[in-house]
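Student: This is the structure I want to talk about, given as structure tokens.
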């Protein structure tokens, strides 16, 4: 009997020690945070709130109340937005997200030593969602710039930022994937790094570090159905960001190549239907009029397998390759058409700095906000056809607060809780600041008629 106790006790001892062994193998982030956090900053961008025109007829308002209505309409309150950023040079250059400082009347940078400086906007790139700022200071702490191309899936990464205004908050996780495309109206030109690092509103623009303490990405977006973190975070690769920085410093704008097609993924069934031996390439679903693609002779149904001597294995590869190609250069495009390969010479166009000449290369947009809806910004055709120049168009309504309130596909949201909405980013920002389970007025246009609906954000 005693002879049996010894092995059992050994097993128990090993099992008790095992957790310690596991925990002992985890990385220690304390030195990284201590050395890198002084170069991380908090950013407050003040925007003038836009008050919609009064829905009241002034002639019908009693005289004693007219002053109130005049004062209310004439004094829109500033609406601050907060985010994060990091210092890349000792003389005061900083990087953050474009959506953090977009349309800001004032940008204030809070340094780690509690000093505050008003920043000037050197340049911004809406396509990559990057902005370069400058503050008047010297001998500032700076981050160490790494190489995102060297990142490996499964590698530990650390984010430092100011979620919900909590300064210098640290979260950690791993790289979940690389080269992610997130379809939007600006064209999918960023091969995002996907992580499971906890990112929330206020983290935008903050740095993503590897274990060597090098910046490898800029935290930019999350995928969420609740408005908060759900395990899917996306960062702009630092390699992409530093290319943007150099162009913004040199010219103030970013130049990218433009092809002028919409594409989709080639799955196994599509590959079989097109006579391919494997699911690879980018299937052209639309060729835009007067585009480089049209002039080169590309057609709907072509499968692009090579662009500028670079293989296109995934459809998401193509936007990144095209964007890095110099405008006005002539390259060869290899397509599969009716089972045969064709080589087409194409003169690459220049992408509009705002991305307006490049609707999303990839079909579909899966970003659903707190209302349970997916929206897009107005196009030039929308503004001409509808006679409006402000608002966002509802593309899809899922289960949630929006559906409960009766929102429909094709509705145009103009204001939320009294604030004008001009972009998806602006709508998401407003929604993030709203309390749960409180009804808010949302003004929409439906079939040319304006109306308000009351929407209660689900907790």
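The values are calculated or read from the model by the stated rules, or taken from the named source; none is laboratory data. Given the structure is predicted, the values throughout are model-derived calculations rather than measurements. All Cβ positions, even for glycine, are placed from backbone atoms using ideal geometry, and neighbour counts span all protein chains on display.
Student: For the stretch 324-357, which positions are modelled with pLDDT under 90 and touching a helix residue (DSSP H, G or I) at 6+ places or on another chain (Cβ under 9 Å)?
Tutor: 324, 351, 356
One line per residue, one yes/no per condition, for (1) in a loop (DSSP other than H, G, I, E, B); (2) in contact with a helix residue (DSSP H, G or I) (Cβ under 7 Å, 6 or more places away or on another chain); (3) under 23 Å from residue 199 (Cβ atoms):
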| site | (1), (2), (3) |
| --- | --- |
| 408 | yes, no, no |
| 415 | no, no, no |
| 436 | yes, no, yes |
| 441 | no, no, no |
| 450 | no, no, no |
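Student: Given 124, 131, which one is touching a helix residue (DSSP H, G or I) at 6+ places or on another chain (Cβ under 9 Å), surrounded by 18 or more Cβ atoms within 10 Å (Cβ to Cβ) and at pLDDT 95 or above?
Tutor: Residue meeting the stated conditions: 131.
Student: Before we move on, is residue 164 surrounded by fewer than 24 Cβ atoms within 10 Å (Cβ to Cβ) and closer than 27 Å to residue 89 by Cα?
Tutor: When the stated conditions are applied, residue 164 passes them.
Student: So is residue 188 within 29 Å of residue 315 (Cβ to Cβ) and modelled with pLDDT of 95 or more or not?
Tutor: The answer is no for residue 188.
Student: Could you tell me whether residue 239 is in contact (Cβ under 8 Å) with a residue 24 or more places away in the chain and surrounded by fewer than 22 Cβ atoms within 10 Å (Cβ to Cβ)?
Tutor: Answer is yes for this residue.
Student: Please determine, by comparing only the residues of the stretch 105-117 that are in a strand (DSSP E or B) and within 25 Å of the chain's Cα centre (by Cα), which one is surrounded by the fewest Cβ atoms within 10 Å (Cβ to Cβ).
Tutor: 106
Student: Is it true that some residue in the stretch 269-279 is buried (at least 21 other Cβ atoms within 10 Å of the Cβ) and in contact with a helix residue (DSSP H, G or I) (Cβ under 7 Å, 6 or more places away or on another chain)?
Tutor: Checking the stretch 269-279: not a single residue is buried (at least 21 other Cβ atoms within 10 Å of the Cβ) and in contact with a helix residue (DSSP H, G or I) (Cβ under 7 Å, 6 or more places away or on another chain).
Student: Can you give me the number of residues within the stretch 373-406 that are touching a helix residue (DSSP H, G or I) at 6+ places or on another chain (Cβ under 9 Å) and more than 21 Å from residue 99 (Cβ to Cβ)?
Tutor: So the count comes out to 2.
Student: Could you look through the stretch 216-231, keep only residues that are part of a loop (DSSP other than H, G, I, E, B) and crowded, with 17+ Cβ neighbours inside 10 Å, and pick out the one that is modelled with the lowest pLDDT?
Tutor: 227
Student: With the checklist (1) at pLDDT 75 or above; (2) closer than 24 Å to residue 220 by Cβ; (3) in contact with a strand residue (DSSP E or B) (Cβ under 8 Å, 6 or more places away or on another chain) in hand, flag the one item residue 366 doesn't pass.
Tutor: Answer for residue 366: the failing condition is (1).
Student: Additional query: Does residue 397 meet the test of being modelled with pLDDT of 80 or more, surrounded by 16 or more Cβ atoms within 10 Å (Cβ to Cβ) and under 20 Å from residue 223 (Cβ atoms)?
Tutor: In short, yes.
Student: Among the helices (runs of 4 or more DSSP H) contained in the stretch 235-347, which hold 3 or more residues that are within 27 Å of the chain's Cα centre (by Cα) and in the same structural domain as residue 172 (by TED's automatic domain parsing)?
Tutor: So the answer is 238-250.
Student: May I pose another question? Filter the stretch 295-319 down to the residues that are modelled with pLDDT under 90 and surrounded by 18 or more Cβ atoms within 10 Å (Cβ to Cβ), then identify the one that is farthest from residue 177 (Cα to Cα).
Tutor: Here the residue is 319.
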